[in-house]
Amino acid sequence: MTTRPTRRRTIAGAIAACLAFAAPLPASAQQAGDTLGRILREGVLKVGVRADYRPWGFRNPAGEFVGMEIEMAKDVAATLGVRPEFVPVVAANRMQFLAQGQIDLMIATMSDTAERRRVVGIVHPNYYSSGFNVLLPKQVTTSDWNALRGRQLCAIQGAWYNRPATERYGVEILAFTGIAEVETALRQRRCVGWLYDDNLIAVMLASGQWNDFHMPLPSQSDTPWGLAVRLDDLDKPWGRFMSGMVAYWHRSGKLLAWEKEAGIAESAFLRRMHEALKDHIQ
Amino acid sequence: MDLIESVFRGLHESAGINLTILYDPFDRSRFWAGFLMTVYLAATSVAASVVVGVMGAAAQKSPFAPLRWFTDGYVAFFRNTPPLVQMYFFFFGLGSITPTVPDDLGFPTPLIGNVVWAIVALALFAGAFNVEIFRSGVEAVPRGIAEAATALGLTRLQSYRLVVLPLAFRICLPALNNNLVNLVKTTTLAYAIGVPEMLYVSNQIWSDALNVPEMMTTLLILYIGLVTALVWAMHRWERALRLPGFGER
C-alpha cells in the first residue's frame, strides 16, 4: 500500500521533470506564486471533484456534476467571477492531479492526514468530517452511546471501528463478510443497528430506502476533511483566499444548507463549526 | 503475566513478530472467548451429530416406509450440499420464517440466534455422514447375531440397542473418527453467520493489528491441537471398547 503510490509519484515526478526540460516556459513554475491571478486572468477555475461519491460529488442522469462539493466549487467560481470547470478525480489520483497542475483546487472528500499534508496544501479550517456511527430504527431515539451497552450491532468483518465501538461502549458486534448479509441481518432484526461509516449511513438515509431508520447518535473518531491547493500555494493569495472561503461558509451556514440540500443528515461537525464562527451580534 | 506481556511486546518491536493476543488485554480476551466458542461448537455438534447418526441408522432399518424415505432424503440433502450453503440457508433462509419474540424495545427479534443455528447446521451436516457410517457398522454385524437376539425374545429395538449397535459401534469407530475430525474443522464456517469462533476473532484481530501471518500460524497450531486431542480421546475409547476375538487382535 505504501510503496506503490510513492513509486507512482516518483514516475509522475520524472515525467514532470522531462516535460519541464522540454517546455521552455512551464506554466506552473512561472506562475507558482500567482495562481489566484492566473485564474482571474484566464476566467476559468479548474477544480477536481468526485464523480462517484453520491451525494458529495457525482453526475446526474444528464451527465452534469452535482452534489455538496460541486455547490462549494460553484460558489468559489461565482465569488471570483470565473467559470468553473470540473475535472473528475478519484482517491488514487486526486493529489497528483493537483500537484501536476491539471487542477488548481481539489474538493474531493479527502481526509486531512499528516502524510497528505506533506504532498498537497490542505486548507484550514476543515470543511467536513466523518467518523463511525450507528444506523438505528426510528423507534430507538437515544443520543447516548452508553445506552447501547451489551446490545448487538451488525457490522462488516474487519472494519476498523468494530474494536473502538466494543472497547468504548461495550456493544456486541455481529459481523458479516458482506454488505448484503449485514442488510439482511438488520432487516431480520438480528441486531439493533448497523455500525458503519457515518457518511455512508447518511447516504443510505438519503436514498429513501431506509425510511424507518435514522442516525441519532453523535459520530465517533471524527477525521476532518480538507480541500486542497498546491503545496506552494498554501501560504500565497490562492491558499489564503480558499481559507477565507471555508471560514465564510462555516460562518454563514452555507455548508449546513448545502448538506441539507444534498439530503444528508446534519453532521455534528458542521453544526459545531457554525456555532463557533457565527455572527455574535445578530 | 506482566513478564509475558513485556516479552511479546518486545518481540514485536525487535523482531516484528506481532502476537497481540499475548500482550494486548483486549485481543487476549476476545481470542480466548473465540477459542472457547470453537470448543463449545465442536463439542455440542459432535455430540448432536452422533445422536443424529445413531437415530438415522435405526430409522433406515425401520419397517415404517415413510420414515425410511425421510431418512434417505435427509442424508441425500445434507450430504450433497456444501456446509457453507447450509449455514447461510439456516441462518438467513429458515431464520426469516422462524418465530420471533419482542425484545425489551418491542422489536420482534428471531428466537433462534446464530450460535444455535450454527450448531444445528453442523450437527445435521455431520449427522448425515454419521447415518451412513453407522449403517456400514450395522450391516457388518453378522445377521445371525441379530437373529439370535430375536430368538432370545428381544424386540427389534432392544436387539438394535443392546446387541447390534454396540458391535456396530466398534466396527465403525475409525470412520466415525474421520468424520468427527472433519466436523471440528468445519466449525470455522460458523464465521460466515457471525459466530465469534476462533477464525472470526482472528480475522478481526489481524484486520486491526495487520498481523496476518502470526494469526494464521496461531490458528493452524491451535486447530492441530484441538484435533489431536479429539483423535487421542477417540483412540482411547476405541481401545477401551475392544472385544477379544472381535476385529483387531
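The values are calculated or read from the model by the stated rules, or taken from the named source; none is laboratory data. Computed from a predicted structure; not experimentally measured. So basically every Cβ, Gly included, is an ideal-geometry build from the backbone, and we count neighbours across all protein chains shown.
Data table
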| read-out | value |
| --- | --- |
| Residue count for region A:143-155, restricted to those that are under 27 Å from the mean Cα position of the chain (by Cα) and more than 10 Å from chain B (Cβ to nearest Cβ) | 4 |
| Within region B:21-36, considering residues that are surrounded by fewer than 16 Cβ atoms within 10 Å (Cβ to Cβ) and of a type in the set (A, V, I, L, M), the one farthest from the other protein chains (Cβ to nearest Cβ) | B:36 |
| Filter result (touching an Asp or Glu at 6+ places or on another chain (Cβ under 7 Å), part of a loop (DSSP other than H, G, I, E, B) and under 30 Å from residue A:36 (Cα atoms)) within region A:191-249 | A:226 |
| Test: residue A:230 is in contact with a Lys or Arg (Cβ under 7 Å, 6 or more places away or on another chain), in the same structural domain as residue A:75 (by TED's automatic domain parsing) and surrounded by 15 or more Cβ atoms within 10 Å (Cβ to Cβ) | no |
| Residues satisfying the stated conditions in region B:85-117, i.e. in a helix (DSSP H, G or I) and touching a Leu at 6+ places or on another chain (Cβ under 6 Å) | B:87 |
| Residue match in region A:209-220 (condition: under 18 Å from the mean Cα position of the chain (by Cα), polar (S, T, N, Q) and closer than 24 Å to residue A:95 by Cβ) | no |
| Sole exception among (1) closer than 30 Å to residue B:108 by Cβ; (2) in contact with a helix residue (DSSP H, G or I) (Cβ under 9 Å, 6 or more places away or on another chain) for residue A:143, by number | (2) |
| Count - residues of region A:266-282 that are under 15 Å from the mean Cα position of the chain (by Cα) and surrounded by 15 or more Cβ atoms within 10 Å (Cβ to Cβ) | 4 |
| Members of region A:144-158 that are modelled with pLDDT under 90 and at negative phi | A:156, A:157 |
| Residue check for residue B:175: in contact (Cβ under 8 Å) with a residue 12 or more places away in the chain, more than 14 Å from chain A (Cβ to nearest Cβ), small (Gly, Ala, Ser) and under 30 Å from residue B:82 (Cβ atoms) | yes |
| Top-ranked residue of region A:156-173 - restricted to ones that are part of a loop (DSSP other than H, G, I, E, B) and more than 8 Å from chain B (Cβ to nearest Cβ), ranked as nearest to residue A:186 (Cα to Cα) | A:171 |
| Only listed residue being within 14 Å of chain A (Cβ to nearest Cβ), out of contact with any strand residue (DSSP E or B) (no Cβ under 9 Å at 6 or more places or on another chain) and of a type in the set (Asp, Glu), chosen from B:147, B:132, B:139, B:197 | B:197 |
| Condition met for residue B:214 (modelled with pLDDT under 95, in contact with a Pro (Cβ under 8 Å, 6 or more places away or on another chain) and surrounded by 11 or more Cβ atoms within 10 Å (Cβ to Cβ)) | no |
| Condition met for residue A:180 (more than 8 Å from chain B (Cβ to nearest Cβ), of a type in the set (A, V, I, L, M, F, W, C), touching a residue at least 60 places away in the same chain (Cβ under 8 Å) and part of a helix (DSSP H, G or I)) | no |
| Criterion (in a loop (DSSP other than H, G, I, E, B), surrounded by fewer than 16 Cβ atoms within 10 Å (Cβ to Cβ), out of contact with any strand residue (DSSP E or B) (no Cβ under 6 Å at 6 or more places or on another chain) and not aromatic (Phe, Trp, Tyr)) met by exactly one of B:62, B:14, B:6 | B:62 |
| Number of positions in region A:72-112 that are part of a helix (DSSP H, G or I) and among the charged types (D, E, K, R) | 3 |
| Single condition residue A:191 does not satisfy, out of (1) more than 11 Å from chain B (Cβ to nearest Cβ); (2) within 20 Å of residue B:91 (Cα to Cα); (3) in contact with a Leu (Cβ under 9 Å, 6 or more places away or on another chain) | (1) |
| Checking residue A:125 against (1) touching a His at 6+ places or on another chain (Cβ under 8 Å); (2) assigned to a strand (DSSP E or B), the condition it does not meet | (2) |
| Near pairs, Cβ below 6 angstrom, 6+ apart or cross-chain, from region B:1-21 (without any contact (Cβ under 8 Å) to a residue 24 or more places away in the chain) to any residue that is assigned to a helix (DSSP H, G or I) and not acidic (Asp, Glu) | B:5/B:23; B:8/B:22; B:8/B:23; B:9/B:23 |
| Subset of region B:110-126 [within 14 Å of chain A (Cβ to nearest Cβ) and among the small types (Gly, Ala, Ser)] | B:113, B:118 |
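Here is a yes/no grid of residues against (1) part of a helix (DSSP H, G or I); (2) within 14 Å of another protein chain (Cβ to nearest Cβ):
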residue: B:204; (1), (2): yes, yes
residue: B:213; (1), (2): yes, no
residue: B:224; (1), (2): yes, no
residue: B:228; (1), (2): yes, no
residue: B:237; (1), (2): yes, no
residue: B:244; (1), (2): no, no
